[in-house]
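Trainee: Next up is a structure, given as structure tokens.
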Amino acid sequence: MGVELLSPAGNLEKLRLAFAYGADAAYLGLSDFSLRSNAKNFTTDDLEQVRTLKAGSGKRLYCTLNMLFDEANLALLKEQLPVIKTWPFDAFIISDIGLVPLLQDALGPSVELHLSTQASCTNSSSASMYQKMGFRRVILGRETPLEDIRRIKDANPDLELEVFVHGAMCMAYSGRCLLSSHLTGRSANQGDCSHTCRWNYQLLQSGEMALEEEQRKGVYYPVIEQDGYTTILSSKDLCMIDHLQQLVDCGVDSLKIEGRMKSSYYVAVVTRAYRKALDALQTGDENWKTFRQDLFDISHREYSTGFFFGHGPVDPAMGQGIDKSTEQGYLRDYLFCGFIGTQVEPGIFALELKNQIRKGMTIEYISSDVHHIEDDCFCLLDEHLQPIEQADHGKVQYLKTDKSIQTGYIIRRETVVK
């Protein structure tokens with residue numbers, strides 16, 4: 001198997017798009033045990049559709065059980081293991097070592113286990129220990145630099161290594177943070193982070209330094225500096241699309257995209273960009289850079305390469321960092337409008353809309369292989385195929401066009417964000 005591209009699936013629609021737009025595998029959470037409790041996640045009502053999607057794709061599916069289990073959740077897991085066994089999962093992502101014997105007893109000793117990044121495995125000795133415990137793959141801690149990844153792989157050649165290559169990063173070590181729990185009562189380690197590190201703070205100095213959050217006037221949080229740094233900071237987003245060859249050369253087996261709580265559009269275009277970039281390592285096709293631009297046209301914080309190149313400032317002369325020559329930041333963005341549905345007559349398609357489109361707009365259609373097709377001459381039709389001025393979510397409507405599009409294409413329109 002070549003290097004795997006692994007995409008997030010927060011619901012059925014995102015799972016379908018992850019597979020359609022180039023992922024080799026997807027990871028999802030079950031509603032009772034996911035570390036992304038605000039994602040829709042999956043229930044037994046979704047089981048048959050998940051089976052059908054997976055069977056039709058021939059791709060792999062991983063179940064995330066990476067929350068920290070207290071006694072109540074552990075009892076619930078034991079109760080639900082017979083049902084979990086019926087899902088078409090190829091592997092289970094866990095951080096709680098107590099789950100190893102439970103899953104092996106319930107699902108068989110050969111059950112495939114992947115160690116979650118939450119376990120903070122960052123060295124070859126730990127990786128070896130986990131492999132002896134029955135783990136086939138280790139998702140390395142986000143703090144692991146490229147040089148250490150190479151050492152870990154050399155020391156454990158039969159152990160699969162997975163790393164995050166794109167998406168949000170946490171300001172805490174491997175995402176283990178108590179700030180949200182302290183300030184809002186919402187535990188990040190139970191998947192309910194309020195992103196308190198990204199709130200707007202004012203630095204005050206009256207005697208000792210303190211932070212005041214703009215929505216909490218008069219409530220002060222002392223700032224304690226260590227080695228010149230404070231602990232309340234908002235992290236940048238990760239983007240390693242320009243450095244996939246270096247990751248492959250280090251022995252990485254799976255490249256993981258963060259974002260089960262991100263939009264369906266995010267899953268599609270980010271997966272597509274990394275698919276094209278990964279394939280280009282073999283083909284040399286430079287067209288992948290066209291798809292790369294989508295990463296800068298979706299909502300994101302400033303991109304960085306995380307800790308892959310060490311803990312100091314990046315050196316562009318060494319091929320590190322992100323090439324910002326084409327980055328437009330937040331000046332451009334796309335609004336995800338929905339999908340092209342079934343073709344009912346030549347050139348006339350049903351609409352599955354998420355956001356409004358209006359006559360006279362310029363919209364774009366995209367697919368897994370078509371970067372975009374512009375259209376400003378489309379016609380909107382009502383349920384009786386009569387012309388209308390606008391089409392909205394939740395209604396029976398159609399689109400007539402002379403463009404070469406197909407069922408399943410995504411509809412988007414450009415917006416300007418000031």
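Trainee: Please state, rounded to one decimal and in Å, the Kirkwood hydrodynamic radius that the chain gives when every pair of distinct Cα atoms enters the mean of 1/r. Don't skip to the end; give the middle numbers.
Mentor: On the way: mean 1/r = 0.0429 Å⁻¹.
About 23.3 Å, per the Kirkwood formula over Cα pairs.
Trainee: Hey, which lysines would be in cross-link range of Lys54, C-alpha to C-alpha under 26 Å, not counting anything within fewer than 8 residues on its own chain?
Mentor: Lys14, Lys40, Lys78, Lys85, Lys256, Lys262, Lys276, Lys354
Trainee: Describe numerically, in nm with one decimal, the distance between label points set 7 Å from Cα along Cα→Cβ at Leu385 and at Met129.
Mentor: Using points 7 Å along Cα→Cβ, the separation is 6.9 nm.
Trainee: Still on this structure, please answer the following. Give me the 1.4 Å probe accessible area per residue for the chain, excluding ligands and nucleic acids, in Å². Intermediate results must be reported in sequence, preceding the final value.
Mentor: Values: 19740 Å² over 418 residues.
Averaged over the residues of the chain, the accessible area is 47 Å².
Trainee: Would you kindly state how much longer the chain becomes between Gln205 and Gln245 on full extension, computed as 0.36 nm times their sequence separation minus their alpha carbon distance, in nm to one decimal?
Mentor: Working it through step by step, the gained length comes to 9.7 nm.
Trainee: I'd like the FRET efficiency for Asp158 and Gln406, computed as 1/(1 + (r/R0)^6) with the beta carbon distance as r and R0 of 30 Å, rounded to 0.05.
Mentor: Computed FRET efficiency for Asp158 and Gln406: 0.10.
Trainee: Round to a whole angstrom and tell me the spacing of the C-alpha centers of the range 397-417 and the range 67-96.
Mentor: Cα centroid to Cα centroid, the span is 40 Å.
Trainee: In nanometres, what is the gap between the two model label sites at Arg51 and Asp32, each 7 Å from Cα along Cα-to-Cβ?
Mentor: My value for the distance between the label points is 1.9 nm.
Trainee: Rounded to the nearest 20 Debye, what is the dipole magnitude of the chain about its Cα centre when Lys and Arg each give +1 and Asp and Glu each give -1 at the C-beta? Walk me through the numbers on the way to the answer.
Mentor: On the way: 43 positive and 56 negative charges, 74 e Å.
Computed about the Cα centre, the dipole is about 360 debye.
Trainee: From the gyration tensor of the Cα coordinates in the range 38-97, what semi-axes in whole Å does the equivalent ellipsoid have, largest first, with each one equal to sqrt(5λ)? Could you put the intermediate results ahead of the total?
Mentor: Values: eigenvalues 103, 32, 24 Å².
After diagonalising the Cα gyration tensor, the semi-axes are 23, 13, 11 Å.
Trainee: Sorted by accessible area (1.4 Å probe), largest first, how do Asp192, Asp285 line up?
Mentor: Listed by decreasing accessible area, they come as Asp285, Asp192.
Trainee: Show me the ranking of peptides 77-88, 250-261, 344-355 by mean Cβ neighbours inside 10 Å, starting with the highest.
Mentor: Top to bottom by mean Cβ count within 10 Å: 250-261, 344-355, 77-88.
Trainee: Compute the length gained on full extension between Lys395 and Met361: take 0.36 nm times their separation in residues and subtract their Cα-Cα distance, giving the result in nm to one decimal.
Mentor: Contour length minus the Cα-Cα distance gives 10.3 nm.
Trainee: Still on this structure, I have one more. Using just the C-alpha positions of the range 243-314 as equal point scatterers, what log10 of I(q)/I(0) does the Debye formula give at each q in 0.13, 0.26 1/Å?
Mentor: -0.44, -1.35
Trainee: Would you calculate a helix-derived [θ] at 222 nm for the chain, using -39,500 (n - 2.57) for each DSSP H run of n ≥ 4 and dividing by the full residue count, to the nearest 500?
Mentor: That comes out to -7000 deg cm²/dmol.
Trainee: Kirkwood Rh, the range 341-418, all Cα pairs: how many Å?
Mentor: Numbers: mean 1/r = 0.0786 Å⁻¹.
For the range 341-418, inverting the mean 1/r across all distinct Cα pairs yields 12.7 Å.
Trainee: Leaving out ligands, DNA and RNA, and with a 1.4 Å probe, what % of the accessible surface on the chain is carbon or sulfur?
Mentor: Its accessible area is 49 percent carbon and sulfur atoms.
Trainee: What is the P(r) of the range 4-131, as percent of Cα-Cα pairs per 10 Å bin from 0?
Mentor: Taking all Cα pairs of the range 4-131, the binned fractions are 12, 44, 35, 9, 0 percent.
Trainee: On to the next question. For the pair Glu71 and Ser299, what calculated FRET efficiency results from E = 1/(1 + (r/R0)^6), where r is the Cβ-Cβ distance and R0 = 45 Å, to the nearest 0.05?
Mentor: 0.70
Trainee: First select every other residue whose beta carbon is under 11 angstrom from the beta carbon of Val111; then total the charges, Lys and Arg +1, Asp and Glu -1.
Mentor: Details: positive: Lys85, Arg136; negative: Asp90, Asp105, Glu112.
Here the charged neighbours net out to -1.
Trainee: Sticking with this one: Work out how much length Arg198 to Glu414 would gain on full extension: take 0.36 nm times their residue separation and subtract the Cα-Cα distance, in nm to one decimal.
Mentor: Difference between extended and current length: 75.1 nm.
The values are calculated or read from the model by the stated rules, or taken from the named source; none is laboratory data. None of the values given here were measured: they were computed from a predicted structure. Methodologically, a virtual Cβ is constructed for each residue, glycine included, from the backbone with ideal geometry; neighbour enumeration extends over all protein chains shown. Surface areas here come from the heavy atoms of the whole protein model, side chains and all, with no ligands, DNA or RNA. Shrake-Rupley method; radii C 1.70, N 1.55, O 1.52, S 1.80 Å.
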